[in-house]
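Report on the following structure.
The values are calculated or read from the model by the stated rules, or taken from the named source; none is laboratory data. Because the structure is a prediction, the values reported are computed rather than measured. We place every Cβ from the backbone using ideal geometry, glycine too, and count neighbours over all the protein chains shown.
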Amino acid sequence: MAKHREEGVEPEPDEHDPLAEARLRALSSPLRLRVLRLCAFEPRTNKELAELLGQNPGTMLHHVRTLVQTGFLAADPERTGAQGAREVPYRATGASWRAPLPERSRVLVEVFLQQIETVEPNELHTAWLGLKLTDEHRDEFERRLHELLVEFKERAPDPDGETYSVFTAFHPDHNPPGPPASTA
């Protein structure tokens, strides 16, 4: 859906801009993308993230710091943990939604596959559809799907709602036409 950019989307990164390069690297990690998903609705501490993702807290701290330095995570006010230790919870800023990611599809597919590993089969609702469209109808389909995603993204989260993940992929289908039908 690269053709359709909503207002507020950052321009394609300048390959010579160090911050833009750092942001691209930050979002190239499936683990960091999972951190952003976990921090989308609730602030999480480094320790909580490490436990949820089965990572060493030191390794997780490196990833959290990378996301903070590039503006994808922000620290909430400090709090006192269960045993009196100082904790810093982090919340996703939403900047990754607007960030252009050249060649991002492969890493997003990898993250998607990691996320559904623990989802029960009856909880995973998928659809796979083949379409044959003119350029005009393809553009309309992409635009309308993008508008729907943006509409729901921009809504405030439902306070009593459950969290869900949506993954879509739209790509050319290498499905060559068959031989012409014979007329008898």
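Some observations on this one:
- Among the residues listed as Arg65, Arg25, Arg44, the single one being among the basic types (Lys, Arg) and within 26 Å of Glu162 (Cβ to Cβ): Arg44
- Test result for Val150, farther than 30 Å from Thr45 by Cβ, surrounded by 12 or more Cβ atoms within 10 Å (Cβ to Cβ) and among the hydrophobic types (A, V, I, L, M, F, W, C): yes
- Residues (surrounded by 10 or more Cβ atoms within 10 Å (Cβ to Cβ) and either out of contact with any Ser or Thr (no Cβ under 9 Å at 6 or more places or on another chain) or not in a helix (DSSP H, G or I) (or both)) located in region 112-123: Leu113, Gln114, Val119
- Taken over region 68-93, the residue count meeting the criterion of being in contact with a helix residue (DSSP H, G or I) (Cβ under 8 Å, 6 or more places away or on another chain) and without any contact (Cβ under 8 Å) to a residue 24 or more places away in the chain is 2.
- Of all positions in region 130-140, none carries a residue that is of a type in the set (Asp, Glu) and either modelled with pLDDT under 85 or outside any helix (DSSP H, G or I) (or both).
- For region 146-184, a residue qualifies if it is of a type in the set (A, V, I, L, M, F, W, C) and closer than 17 Å to Leu131 by Cα, and the qualifying residues are Ala169, Phe170.
- Conditions (1) exposed (fewer than 13 other Cβ atoms within 10 Å of the Cβ); (2) within 25 Å of Leu19 (Cβ to Cβ): number failed by Leu108: (1)
- Within region 21-58, the set of residues being surrounded by 18 or more Cβ atoms within 10 Å (Cβ to Cβ), at pLDDT below 90 and either more than 16 Å from the chain's Cα centre (by Cα) or of a type in the set (D, E, K, R) (or both) comprises Arg23 only.
- Residue in region 158-181 that is surrounded by the fewest Cβ atoms within 10 Å (Cβ to Cβ), counting only those that are modelled with pLDDT of 90 or more and not acidic (Asp, Glu): Pro159
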